[in-house]
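Inspection log for the structure reproduced underneath, given as structure tokens.
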Amino acid sequence: MSIFCLGVNHKTAPVELRERLAIAEKAIPTHLSEICELGDVSEAVVLSTCNRVEVYGASTDPAGALDALIKYMVAHFEVAPDEVEFYRHENDDAAHHLFEVASGLDSMVLGETEIFGQLKKAYATAQSHGTTSRRMNKLFQQSFSVGKLVRSSTRIQQGSTSIGAAAVDLAEKIFGQLDGCRVMIIGAGEMSRTTAQSLVSRGAKSIIVSNRSFDKAEELAAELDGKAVTFDDWENHLDHVDIIVSSTSAPHTVVHRNTIEHVMSRRRGHSLFLIDIAVPRDIEEEVNAVDNVYLYNIDQLQQIADEGLARRERQISVCREVIAEFLSEKGIEALASSPGEMSSRGRQGSAGRPITNL
Amino acid sequence: MDNFYLISSTVFFLVGFVLAVVALRSGGKQVGGLNIGIAVAGLVFQSLFLYERGELHGRCPITNGAEVLVFISWSIVIMYLVLGRAFRLSLLGVFSMPIVFLFQSIAIVYLLAADPGAQRPEKLDPWLEMHAAMSLLAYGAYGLSFVAGIMYLVQDRQIKSHQPGRLFRSLPPIRFLSDALFRLLIIGTLLLTVGIVSAFFMEKLPDALHLIVSWAVWIVYAGILAVHLLKRLAPRILSLSAIAAFIFALATLTAL
């Protein structure tokens with residue numbers, strides 16, 4: 001019995017194709033059953049996220065199973081055979097691929113943790129619908145151990161890799177936990193929305209949105225469960241916010257040093273974090289010189305994100321060493337022969353050692 | 001034997017500091033745990049030294065400059081172990097260790113060069129002991145506020161410069177640091193107040209210089225706290241004040 005993996009991801013297929021191949025959560029059980037009816041496929045797990053669609057399975061004829069699976073995918077999702085290039089892995093390669101996916105090494109945001117939860121969910125779904133057995137159970141359990149080990153013993157998760165994440169990291173280094181932090185958004189653009197969502201996801205509350213067009217402010221405020229204020233009124237709310245995200249399309253600065261100095265004199269020692277993601281900039285650079293005020297513009301945040309990404313990329317080889325070391329100790333358990341297989345085929349081998357293509 | 005305890009303790013703090021710096025430079029995550037283990041080991045030897053000296057003198061072992069420095073170091077370590085974790089500032093120990101190492105190194109040199117030996121009092125005055133112990137414990141809290149102030153300034157600089165360095169991730173959030181700094185100043189001032197009040201009950205009042213110095217230190221710290229409570233000093237100003245005040249407090253010790 002061998003294991004295999006077939007799939008597309010953000011590196012091999014554009015989003016237009018990935019969204020056509022994406023399998024809705026509700027449809028996964030049906031697909032699992034259908035895949036298990038293909039030729040020699042005896043076990044299957046389907047992983048479908050915004051960045052990848054992958055099928056893991058076990059079969060006595062992996063090459064045949066992969067061919068059948070490609071035909072199934074092409075027919076079912078109505079894509080032309082030459083339109084999509086699936087990657088296909090067997091045995092050690094399939095296991096290594098899954099271990100790298102679980103470790104976040106194959107993710108669009110290197111080292112991200114969301115994929116770990118998505119893998120667990122995909123496995124749980126397959127398990128609850130009876131499409132996993134010994135091979136998939138061993139393979140996925142081991143991938144979870146590898147994923148945890150890589151994250152705990154390397155710095156693959158360290159550092160911010162996006163503007164939003166960099167802003168959140170800085171906010172946490174100023175305020176500690178963001179629970180209860182109050183955020184004001186000046187200018188209801190897409191960048192403001194993304195940054196505010198990052199802050200809200202870490203506990204920030206009391207969102208105040210101000211925009212020249214009040215309708216847009218109300219719309220974003222509703223989305224973030226906040227409050228909209230008119231553009232003439234935002235300065236009156238400065239005393240009560242901890243973080244300001246500004247991204248107006250104004251051709252001149254809208255937040256000035258004297259305004260902030262005046263506000264800080266009333267804030268009784270509370271810090272203020274300003275995030276200026278507008279071009280041209282909304283906030284006077286001199287604001288950063290005010291005691292207890294921290295100002296970051298889009299280039300400065302991008303630089304932190306770039307450095308974070310570079311640091312994570314330097315960790316890839318370390319992560320691969322961790323995986324290799326783990327496997328040299330434990331082997332790929334899903335590829336070890338079961339007692340029944342050993343007796344029927346007369347093979348010798350200790351449990352946990354890789355014996356491929358039985 | 002007491003010198004052996006003191007040297008052992010000093011070596012522990014030096015090793016702790018070096019290991020913590022190495023761990024911080026490599027981005028290690030276990031700085032806090034490592035630091036606490038070494039600080040506890042150093043504290044045990046510090047305590048053994050102070051116990052031996054206490055037995056020698058038959059009183060609280062603060063009869064000379066070396067013992068005073070060790071007692072202040074002991075207070076700093078105790079304060080760090082008790083308050084550092086409560087304030088979520090395990091890294092406070094890393095920054096405290098160089099000060100403790102420096103103080104104890106001076107004490108070792110002093111004791112090895114000219115140990116004045118036993119200074120047994122004719123009669124033990126518990127209020128004198130209370131005065132001295134509380135005052136030096138206050139110095140421990142002030143020493144730690146000095147450390148928290150430095151940590152605040154370093155982290156503030158890192159964030160303001162827009163180029164967060166290696167220490168950025170390891171140092172605590174600046175709000176935690178400014179809160180801890182304020183609390184340490186309050187704890188230190190309460191302890192010093194108890195120490196000064198105890199002096200009024202002593203059988204024989206300390207000499208004028210001693211009284212002036214004690215009051216001067218108390219006025220400086222109480223003044224900082226009063227201004228902060230009334231005007232809410234910016235944390236950077238509060239940090240600078242705590243640093244300057246501790247340097248002043250140390251200078252007054254040399255005057256005594």
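Read-outs: derived from the displayed coordinates by stated rules, not from any lab. The structure presented is a predicted model; accordingly, all values stated were derived computationally and were not measured. Note that each Cβ is placed from the backbone with ideal geometry, even for glycine, and that neighbours are counted across all protein chains shown.
Quick check on my link table: of A:K26/A:K173; A:K138/A:K205; A:K26/A:K71, which ones sit more than 32 Å apart, alpha carbon to alpha carbon?
In this structure, A:K26/A:K173; A:K138/A:K205 lie more than 32 Å apart at Cα.
Mind listing the phi-derived Karplus ³J(HN,Hα) values for segment B:73-82, rounded to whole Hz, using 6.51, -1.76 and 1.60 with θ = phi - 60°, and x for any glycine or proline?
4, 4, 4, 4, 5, 4, 4, 5, 5, 7
Test of understanding: express the Cα radius of gyration of the protein assembly as shown as a ratio to 2.2 N^0.38 Å, with N the residue count.
Expressed relative to 2.2 N^0.38 Å, the Cα Rg reads 1.27.
With label points built 7 Å along Cα→Cβ from the Cα atoms of A:T60 and B:V11, find their separation and express it in nm.
Between A:T60 and B:V11, the label points sit 6.9 nm apart.
Under a cut-off of 28 Å between alpha-carbon atoms, report the lysines in cross-link reach of B:K204, not counting same-chain residues fewer than 8 places apart.
B:K123
In whole Å, what is the distance between the alpha-carbon centres of segment A:263-340 and segment A:66-102?
Value for the Cα centre distance between the two parts: 32 Å.
What is the mean projected area of the alpha carbon convex hull for segment B:125-256, to one decimal in square nanometres?
8.6
When DSSP assigns beta bridges and you keep just the ones with both residues in the protein assembly as shown, what percent turn out antiparallel, to the nearest 5?
Around 45 percent antiparallel, to the nearest 5.
If you take every residue apart from A:M136 with its C-beta less than 14 Å away from the C-beta of A:M136, what net charge results, scoring Lys and Arg +1 and Asp and Glu -1?
Net charge around A:M136: +1.
Helix A:91-102 versus the longest principal axis of chain A: what angle, 0 to 90°, nearest 10, using Cα atoms?
Rounded to the nearest ten degrees, it is 20.
Computed FRET efficiency, Cβ-Cβ of A:S153 and B:K123, R0 35 Å: what is it to the nearest 0.05?
0.05
Express the relative contact order of chain B as a whole percentage, based on alpha carbon pairs under 8 Å and six or more residues apart in sequence.
21
Grab the beta carbon distance between B:V197 and A:R182, set R0 = 60 Å, and tell me the FRET efficiency rounded to 0.05.
Between B:V197 and A:R182 the formula returns 0.90.
Which distance in nm do the two modelled labels at B:L229 and A:E112 give, with both placed 7 Å along the Cα-to-Cβ direction?
Distance between the two pseudo-spin positions: 5.1 nm.
Specify the angular offset, from 0 to 90 degrees and rounded to the nearest 10, of the alpha carbon long axis of helix A:114-128 from the longest principal axis of the alpha carbons in chain A.
It is inclined by approximately 40 degrees.
Give the residue list of chymotrypsin sites (Phe, Trp or Tyr not before Pro) in segment B:154-256 that are DSSP loop and have at most 16 other beta-carbon atoms within 10 angstrom.
Answer by residue number: B:F200, B:F201.
Hey, got a sec? Which trypsin sites (Lys or Arg not before Pro) in segment A:263-316 land in a DSSP loop and have at most 15 other Cβ atoms within 10 Å?
For trypsin sites (Lys or Arg not before Pro) across segment A:263-316 that sit outside H, G, I, E and B with at most 15 neighbouring Cβ atoms in 10 Å, the list reads A:R266, A:R268.
Once you've got the GNM for chain B with C-alpha springs shorter than 10 Å, pick whichever of B:G84, B:G223, B:G93 has the biggest mean-square fluctuation.
Result: B:G223 has the largest fluctuation of those listed.
Pull out a ≥ b ≥ c, the square roots of the eigenvalues of the alpha-carbon gyration tensor of segment B:1-122, then state rounded if a/c is under 1.5, prolate if not and a/b is larger than b/c, and oblate in the remaining case.
Prolate, since a/c reaches 1.5 and a/b exceeds b/c.
Once the other residues with Cβ under 14 Å from the Cβ of A:E286 are scored (Lys, Arg +1; Asp, Glu -1), what is the net sum?
For residues surrounding A:E286, the net value is -3.
For Cα pairs less than 8 Å apart in space and 6+ apart in sequence, what is the mean separation divided by the residue count of segment B:61-133, i.e. the relative contact order in percent?
Taking the mean separation of contacting Cα pairs over the length of segment B:61-133, I get 38 percent.
I'd like the Karplus ³J(HN,Hα) series for segment B:51-58: coefficients 6.51, -1.76, 1.60, θ = phi - 60°, whole numbers in Hz, and an x wherever there's a Gly or Pro.
5, 4, 5, x, 5, 4, 8, x
In percent, how large is the relative contact order of chain A, given Cα pairs closer than 8 Å and 6 or more residues apart?
In percent, rounded to a whole number, it is 16.
Can you list residues whose amide H is under 5 Å from A:I185's amide H, if they're 5+ apart or on another chain and H is modeled 1.01 Å from N?
The answer is A:I208, A:V209, A:S210, A:V245.
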